[in-house]
Amino acid sequence: MDPAHGPCRRTSSGLGFTELAVTRNANHGIAETTHQDRAEADRLREFLDATHHGPTATLLTQARHPADDMLADPDRVLHDLAGLDERLRPDWYLVDQLSYSATLALHCLDLPYATFCPGHPSYLPTAPDAYFGLPYAWPDTLRPASADVDRLRSAAAADDAAFTAAFEAVVRRHAPDRPAPGRAFALCSPHAVVFNYPRLTWLPPAPTGPQALYAGHLLPHSGPKPLDERWQAVVARLSAGGRPLVLVALGTFLSARHDVLATAAAGVLRHTPASVIVAAGERVAAVTAHPLLRDADPGRFHVAPAIPQQELLPHTAAMVHHGGNNSFTECLHAGVPALVLPFSSDQFAIAHDAERAAAGRCLAPNTLTSETAGRAVAALLAGRAHGTAALSASLRPHGPARAATGLLRCMPPRS
């Protein structure tokens, strides 16, 4: 759809929808099966290959392509957004913090917007020595050597400078009378920033100026929907006799690491009484046929391309995940402790927070064994993530409705 001229579609909720493409990258649920152009597919393979070599290699790989990922065509986005604004005239915009070209366009057009930060709050750097792409803190099991941290800091600082220069060039071309945007990765709404995260006391400070709203999670006030009949039957089979249930899911991209999925699942089956559900993306056959799982009891083991994670968590005793923001906050909302296996991006910071909040444990995915995974999950099932219940109780009253109410108070009417 051409966002400047196409119709605004209506969803079942009554919201209007029109498409605005802000990146060449695409991700529609399972990254490996999403249609990508050749360059994007090659970079996905490069990223997945890097995850086998640990945090430093993975973060350095991610640092090599920031413009391709996050600022692919800022001039076109500005043009399209200007056309959309002329046609729809919204009072204000809510912008994904990672949609840098959209934020830059709104800055150039001097349009009112609020920022939504879907990842870790440190993705909006506030201190001079804080950088996008450099974790603000590390879990103990994955802390790089000081020389590797220095390499990561140098790469992140170079990206910061290059991205900022690119922002300034766009402003000079299209809005020379507008203020300079400052550090590109730190550019956000002057009115309000919504974090999809709990307000943990040790987090870096929020940006100065805008109101900081911590949504805590993105589940509706009523909680997740009930499971459909098919998944009810799966849960009933796996939970027969009061057996606890453990979910293993590594997110859209990292489901390709079927070796880690299989190792974690085998560990739970061998070292705990629990049953396991695995979200394996396109790797269902690879997980099922893995040597560690060939003899798995079908009464305790289920593999699917995707799972209704929010709906399953209330039936779950523990989860193994990659440290994605939604997995972390959804587990907290459900009161489910987690074994976190971080690979990339902000997952190291989230794994650190999970451990510091006593809501989970962290292990290095590339050195994981079935025994270490199983014993870690056994500890979670024994109640050793003692901070989970209190954090869950404090988090549940939060959510998208509370954040939306705060936004409505913060955002000025359009003149």
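Readers should treat all values here as calculations from the given coordinates under stated rules, not as data from a laboratory. Computed from a predicted model, the values in this text were never measured in an experiment. Please note: Cβ atoms are built from the backbone with ideal geometry, for glycine as well, and neighbour counts cover all protein chains shown.
What the table below lists for this structure:
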quantity: Likely footprinting exposure, 177, 353, fewest C-beta neighbours within 10 Å first; calculated: 177, 353
quantity: Under 10 Å, Cβ to Cβ, from residue 305 - net charge with Lys/Arg +1 and Asp/Glu -1; calculated: 0
quantity: Nearest-ten-degree value, helix 370-381 long axis tilted from longest Cα axis of the chain; calculated: 80
quantity: Spacing of the two label points (7 Å from each Cα toward its C-beta) at residue 49 and residue 141, in nm; calculated: 2.8
quantity: Relative contact order (%) - the stretch 229-395, alpha-carbon pairs under 8 angstrom, separation at least six; calculated: 24
quantity: Crossing angle, helix 325-334 versus the chain [Cα axis fit, 0-90 degrees, rounded to tens]; calculated: 60
quantity: DSSP bridge pairs, the chain: antiparallel proportion in percent, nearest 5; calculated: 5
quantity: Taking the chain and dividing mean pair separation by its residue count, relative contact order in percent (alpha carbons under 8 Å, at least six apart); calculated: 17
quantity: Exposed trypsin sites (Lys or Arg not before Pro) absent: longest stretch of the chain, with sites in DSSP loops and at most 10 other Cβ within 10 Å deemed exposed; calculated: 1-293
quantity: Cβ-based exposure ranking for 277, 350, in which fewest neighbours within 10 Å come first; calculated: 277, 350
